[in-house]
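A quick write-up on the structure given underneath.
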Amino acid sequence: MPILLKYFSLWLFALAISLPLYAQDTAPPGNDTSTNDTPALPTADQLSAQLDQITKTITGKVDDATLADSRSQVIVIQQQADRLGAALTPQSDNLKAKLLVLGPTPEKGAPAEAPEMKDQRRELGKAKADLDAQVKQIALISQEAARLSTQIASMRRDQFETKLASRTATPLSGEFWSALIHNIGDDNERLRDLGRSVASALAQAWQPAYRGALLGYLIAALLLVSAGRLLLERALLKLSTIKMPSGRLRRSAMALAVALITALTVGVAAQLLYLAINTHDLLDADLEILAKSLVMLAWFCAFLAGLGRGLLSVARPTWRLPNLSDDAAEQLRPFPWLLAAATAIFVLIERVNSSIGASLTIGVATNGLNALIVSGLVAALLFRLGRARRALLAAGEEPAKRPLWVGLLVGAAFVTVALCWLSVISGYIAFAYFLARQMMWTGLVVCTLYLLLHLVDDVLEALFDPHGRSGQRMQEAFGVAPNRLEQTATVLSGVLRCVLLLMALSFVVMPFHTDPSDILSRATQLFTAQSLGNLKIAPASLAQGILVFALGLLIIRLIKSWLTDQLLPRTELDLGMKNSITTLFGYVGGVLAMLLALATAEVSLQSIAWIASALSVGIGFGLQAIVQNFISGLILLAERPVKVGDWVSIGDVEGDVRRINVRATEIQLGDRSTVIVPNSQLITQNVRNVTLANALGRVQIKLPMPLDTDASKTRQLVMTTFNEHASVLDNPAPSVTLDQLDASGMVFVATGYVRSPRDVGGTKSDLLFEILQRLRDAELSMSSPQAMVIHRRSRTKAGATPNVIPKALLPAATDAHDKPDASEPPLDSGHTPPVKPNR
């Protein structure tokens with residue numbers, strides 16, 4: 001049975017899509033007003049005339065509807081001017097290219113050019129001058145349209161502020177109701193005229209010639225709202241369960257999908273209803289404007305309801321994004337639809353009042369009723385939310401802790417509801433209507449922002465998860481460390497959060513009587529070019545530049561990885577040369593990527609010259625050392641007096657060069673610690689490079705031996721030890737020489753070479769151990785240091801300890817005069833010898 005229902009629903013959905021097409025195919029000929037021709041853009045003179053007419057229209061006292069309509073026309077004119085300028089720019093470039101092909105004008109004294117070429121040059125120059133003049137005129141028109149749009153918005157804002165401060169009769173007084181009853185007759189007559197126009201249009205649409213299209217669109221709209229919405233939600237739910245990784249991304253993506261599907265199905269259904277009536281242009285101009293505004297209203301209200309459904313997620317509690325209990329979600333379930341319906345009804349009444357030119361009393365009454373109902377619904381929502389919270393406390397459960405911003409919003413909503421009711425009662429109905437409408441708009445923006453913030457975090461977390469599929473692929477393809485992925489996700493999340501917060505703040509503070517065109521205009525203004533002195537910054541071009549720079553860095557990273565892992569290991573270059581090549585390639589590639597990014601972002605070097613001149617002062621003072629180290633680093637990489645792998649000594653620092661960075665060089669000491677040395681010191685100071693010309697290390701051992709030692713045997717023993725050690729090289733061959741011969745003994749000097757200075761310490765230790773063992777086995781003793789004891793006789797009291805220097809700390813006595821007197825008692829006899837006074 002579920003399978004049959006699924007196939008039946010799919011059949012209904014397909015029927016909903018095919019019926020409008022069938023209705024269009026069966027429409028009678030001669031009524032098709034569609035055309036494939038793109039409407040031509042107006043000329044610059046026509047756009048200028050339209051701007052002049054709008055300027056005359058808004059001069060004097062005009063109502064808000066006229067101002068809103070004029071501003072929409074101005075925005076259209078600005079867009080047309082921009083498109084016209086974009087269309088003329090390639091023509092100007094083409095003419096410029098043709099003039100370049102002809103070459104420069106012959107100088108005086110040069111042979112004259114052919115008359116045909118001269119005439120062609122003159123015609124091309126005239127055409128280019130005219131075209132450049134048109135481009136300049138169009139640019140001025142676009143600027144004038146932007147200025148006029150800002151002026152109209154300012155006029156609307158001033159009118160709105162005046163209107164907010166106005167006070168009418170309170171609904172509690174009889175004056176209010178008497179004025180309403182007095183004007184209701186004329187308003188009813190205008191409303192009947194509108195109704196007759198609508199009935200006439202419906203009657204024409206029901207004619208046999210148009211009935212097929214009408215029924216097709218109606219059935220398609222009905223099926224789309226009912227079966228189509230359910231099918232799409234179930235399909236996306238199944239797709240997210242199968243394809244998306246488990247985690248929070250499923251919840252946020254499904255919540256947004258529910259909101260968008262609800263808006264899409266209801267909005268498309270409203271568009272189908274509009275087409276059902278006006279497929280063959282049966283509506284007059286006023287009804288067509290009203291119908292189009294109602295279609296936009298359907299999109300807005302459907303998104304409002306869908307957003308509430310997606311966030312509450314009553315049918316799927318485990319997919320609920322906010323931290324709400326099941327009882328609270330069930331309590332709030334009808335409010336998204338109620339708020340959307342209330343918004344739709346009262347905006348519809350407002351549009352109808354504006355269309356029929358209703359009296360001010362009717363407008364004030366409907367606005368007051370709208371404010372009371374909307375604020376009442378918000379109050380009921382808050383009370384139900386509080387009741388669910390109290391029910392949890394009564395059941396012994398701890399409710400979820402509210403964030404600070406949620407508490408502030410709830411408190412602000414209570415205050416706004418109270419102000420709405422007080423304003424209506426006191427007669428400030430315009431202010432109450434503004435509060436109610438702004439409360440609805442702010443709630444929609446905050447809920448959308450909440451959903452998008454969670455979606456951004458969840459998408460980035462899933463995309464850059466080191467243990468996820470995409471994260472592992474990034475690590476395998478680009479060699480990115482897991483912590484780098486997490487840092488990238490955090491940075492991107494912070495940037496996107498800031499962008500979303502700025503956009504939300506911009507939408508919240510929009511002026512009163514904002515229509516969809518104003519919302520679109522405000523959204524596009526965030527991404528239009530802004531001027532910073534002579535530097536123009538366009539967010540769209542800036543985003544493209546950042547993307548080009550990121551791709552450039554990625555390509556550079558891949559090429560460096562290919563050089564390091566594949567090409568350079570197959571060459572005979574040493575390690576330092578390989579490192580210099582890859583480092584220099586990274587610097588050059590980074591500069592090229594930056595230049596390409598600037599070109600993509602349409603930022604010329606001339607436009608940032610003033611920034612560079614301002615920074616030059618800072619470079620001359622504060623950044624002088626950094627620039628010096630940077631240039632020194634380039635010199636090190638180019639001349640290579642010091643390269644990676646060298647054993648260097650500079651001052652008290654001696655060790656291996658591990659890395660040459662753009663500012664400093666890393667030197668690893670013998671204790672495995674690292675010293676950061678600025679590059680300028682390696683250029684300006686004396687540096688001892690042990691491995692620059694010869695990378696061999698020298699092992700030298702001095703052996704003091706007694707005079708009666710067999711020198712040949714000792715030499716042969718030491719030489720054998722050096723030759724048998726694996727680290728000692730055969731070329732240069734080791735040597736043993738007799739360095740010193742005197743009365744105290746003889747000193748042998750053994751010298752050998754190893755492959756690197758880093759091997760000297762370990763090799764020397766091994767050789768010393770082996771030589772000592774072999775000397776002991778051969779019964780050859782080394783000279784031992786003799787000790788000298790100095791006795792200083794001093795007059796001390798009985799029982800005092802004489803000044804005695806230990807034997808081990810004194811050199812051996814070699815002179816007979818330094819030997820102790822035999823007549824003196826031993827030191828450990830307890831006798832204190834007399835000491836001669838010091839002279």
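The values are calculated or read from the model by the stated rules, or taken from the named source; none is laboratory data. As the structure is a computational prediction, the values presented were derived from the model and not from experiment. All Cβ positions, glycine included, derive from the backbone under ideal geometry; neighbour counts span all protein chains shown. Areas reflect the complete protein model, heavy atoms only, side chains present, ligands, DNA and RNA absent. Shrake-Rupley method; radii C 1.70, N 1.55, O 1.52, S 1.80 Å.
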For K238, K128, give me the order by solvent-accessible area with a 1.4 Å probe, most accessible first, ignoring ligands, DNA and RNA. K238, K128
Label 7 Å along Cα→Cβ of D565; region 471-494 residues with amide nitrogen under 19 Å? 471-485
Compare K61, K56 by solvent-accessible area with a 1.4 Å probe and give them largest first, with all protein chains kept in place. K61, K56
Compute the accessible area per residue over region 462-507, keeping the other protein chains in place, probe 1.4 Å, unit Å². 66
By accessible area with a 1.4 Å probe, ligands and nucleic acids excluded, highest first: order of K126, K118, K108: K108, K126, K118
Heavy-atom surface of region 638-694, accessible at 1.4 Å and reported per residue (Å²): 55
In region 289-395 the accessible area split gives carbon plus sulfur, as whole percent at 1.4 Å, a share of 69
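Around E486, what is the net charge, scoring Lys/Arg as +1 and Asp/Glu as -1 over all other residues with Cβ under 13 Å from its Cβ?
On the way: positive: R484; negative: D457, E461, D465.
For residues surrounding E486, the net value is -2.
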Roughly how many whole Å is it from the C-alpha centroid of region 390-434 to that of region 62-137? 59
Residue-span extension gain [A341 to Q668] - 0.36 nm each, minus C-alpha spacing: 110.5 nm
Please work out how much length the chain gains when fully extended from R484 to L409, using 0.36 nm per residue of separation minus the C-alpha to C-alpha distance, in nm with one decimal. 23.3 nm
Per residue value of the accessible surface for region 193-344 (all protein chains in place, 1.4 Å probe), Å²: 47
At 7 Å along the Cα-to-beta-carbon direction for both D119 and T737, put a label point, then send me their distance in nm to one decimal. 9.9
So what's the net charge close to A263: Lys and Arg +1, Asp and Glu -1, counting the other residues with Cβ under 12 Å from its Cβ? +2
With just the Cα atoms defining each centre, how far is region 665-743 from region 554-578? Give it in Å. 34
